[in-house]
Amino acid sequence: MAAKGGTGVSRGQFAFYLLVSGLLFIAPNMIAVVAAPKVGAGFVSLSYAFPLVLTYGFAVLLRLEKFQVLRGVGVLFGLAGGILLAASGRQLSVDASWWAMFALSIPVFLASGNIFRTVKWPAGARPVNLALGMMLVGFAALGLFTAMAGIPVVPGTWSLEATGLLAAQITIFAFQYGLYFRLQHTAGPVYLSQIGSVAAVIGLGLGYLAFGEVPNMAKLAAVAAVGAGIVLVSKGRGAGAKKSG
């Protein structure tokens, strides 16, 4: 009999869960890092708005949730927003347009991760343990990625301010991941995916304030379509939904 990790599953299954969930969570961050300089921070951040509609679509296909007409219409609005966002990339150079399509894979990874973590949640596993495990996987993957990309992983000059900032970031990420898995366990993947929508709105605003990226009409139309999709998908949450665990 395979050794158990204290969660009712074998250690191999537990490690596989952490590996896949960690990679699905980290991959969008890697894509964002390399795509943002090519297509703009606003474009990349807006792509984070789509995991909600994609997650709901996946949940219905896998029968994790019952289909509802209102939420189905919301998914269509979200897809329309995705098409409009892709169309906004036509104003970019040919090279940047390819990066724009690459950036649009971000919500696919996020939605897949939301579903995977729910469907394959190890029996009896505590959210905090899964969060710690996923952080270790993310640290290893990002460490390899930054090394290959030549990105510094430590401050260029150590100081009290730099050390304090690094410690604060570590603390915030640890707390965030713990809450992330707790929300996943209690509310389910569709509700959790609304985090991306909040990040998209904030990111689009920061792209304008910090980098002067003025959204064009196609991006604004995409925001409107995604916003309508979010409202429709969010209505009636919980009807027929099955929680993980």
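Rundown of residues vs (1) of a type in the set (Gly, Ala, Ser); (2) modelled with pLDDT under 75, yes/no style:
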{"site": "Ala162", "(1), (2)": "yes, no"}
{"site": "His185", "(1), (2)": "no, no"}
{"site": "Pro189", "(1), (2)": "no, no"}
{"site": "Gly196", "(1), (2)": "yes, yes"}
{"site": "Ala218", "(1), (2)": "yes, no"}
{"site": "Val226", "(1), (2)": "no, no"}
{"site": "Gly229", "(1), (2)": "yes, no"}
{"site": "Ala241", "(1), (2)": "yes, yes"}
- Message: Out of Phe77, Phe43, I need the residue that is in contact with a Lys or Arg (Cβ under 9 Å, 6 or more places away or on another chain), part of a helix (DSSP H, G or I) and closer than 29 Å to Val214 by Cα. Which one?
- Response: Phe43
- Task: Please go through the stretch 185-233 and pick out each residue that is in contact with a Leu (Cβ under 9 Å, 6 or more places away or on another chain) and not in a helix (DSSP H, G or I).
- Result: Gly188, Ser193, Glu213, Pro215
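For Ile151, are the conditions met, namely being closer than 15 Å to Leu46 by Cα, β-branched (Val, Ile, Thr) and open to solvent by less than 70 Å² (accessible area, probe 1.4 Å)? Full working, then the answer.
On the way: closer than 15 Å to Leu46 by Cα: no; β-branched (Val, Ile, Thr): yes; open to solvent by less than 70 Å² (accessible area, probe 1.4 Å): yes.
Answer is no for this residue.
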- Within the stretch 71-100, can you find the residues that are at pLDDT 75 or above and small (Gly, Ala, Ser)? Gly72, Gly74, Gly78, Ala80, Gly81, Ser97, Ala100
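Quick one: count up the residues across the stretch 126-150 that are outside any helix (DSSP H, G or I) and more than 22 Å from the chain's Cα centre (by Cα). Before you say what the answer is, go through the steps one by one.
Within the stretch 126-150, the subset outside any helix (DSSP H, G or I) is 126, 150.
Next cut, more than 22 Å from the chain's Cα centre (by Cα) only: 150.
Residues meeting the conditions: 1.
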- Message: Condition check: over 12 Å from the mean Cα position of the chain (by Cα), surrounded by fewer than 19 Cβ atoms within 10 Å (Cβ to Cβ), closer than 14 Å to Gly227 by Cα and of a type outside the set (D, E, K, R). Does Leu76 satisfy that?
- Response: yes
- Message: I'm checking my understanding of the structure. Among residues of the stretch 178-213 that are among the hydroxyl-bearing types (Ser, Thr, Tyr) and open to solvent by less than 50 Å² (accessible area, probe 1.4 Å), which one is nearest to Ala111 (Cα to Cα)?
- Response: Ser193
- May I ask you to list pairs of residues, at least six apart or on different chains, whose Cβ atoms are under 7 Å apart, with the first in the stretch 9-33 being under 20 Å from Phe109 (Cβ atoms) and the second being at pLDDT 85 or above and among the polar types (S, T, N, Q)? Leu24/Ser112; Ile31/Ser105
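Filtering the stretch 59-74 down to residues that are outside any loop (DSSP other than H, G, I, E, B) and either acidic (Asp, Glu) or in contact (Cβ under 8 Å) with a residue 60 or more places away in the chain (or both), which residue is nearest to Ser193 (Cα to Cα)? Steps first, answer last, please.
Within the stretch 59-74, the first condition is being outside any loop (DSSP other than H, G, I, E, B), and the residues that meet it are 59-61, 69-74.
Adding the requirement that they be either acidic (Asp, Glu) or in contact (Cβ under 8 Å) with a residue 60 or more places away in the chain (or both) leaves 59, 70-71, 73-74.
Numbers: Ala59: 12, Leu70: 18, Arg71: 14, Val73: 17, Gly74: 14 Å.
If we take residues in the stretch 59-74 being outside any loop (DSSP other than H, G, I, E, B) and either acidic (Asp, Glu) or in contact (Cβ under 8 Å) with a residue 60 or more places away in the chain (or both), then Ala59 is nearest to Ser193 (Cα to Cα).
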- Query: Got at least one residue in the stretch 161-182 being touching a helix residue (DSSP H, G or I) at 6+ places or on another chain (Cβ under 8 Å), under 26 Å from Gly82 (Cβ atoms) and assigned to a helix (DSSP H, G or I)?
  - Reply: yes
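The values are calculated or read from the model by the stated rules, or taken from the named source; none is laboratory data. Just so we're clear, the structure is a prediction, and the values are computed from it rather than from any experiment. Heads up, the Cβs are rebuilt from the backbone with ideal geometry, glycines too, and the neighbour counts pull from every protein chain shown. Heads up: the accessible areas ignore ligands, DNA and RNA and are worked out on the full protein's heavy atoms, side chains in. Shrake-Rupley method; radii C 1.70, N 1.55, O 1.52, S 1.80 Å.
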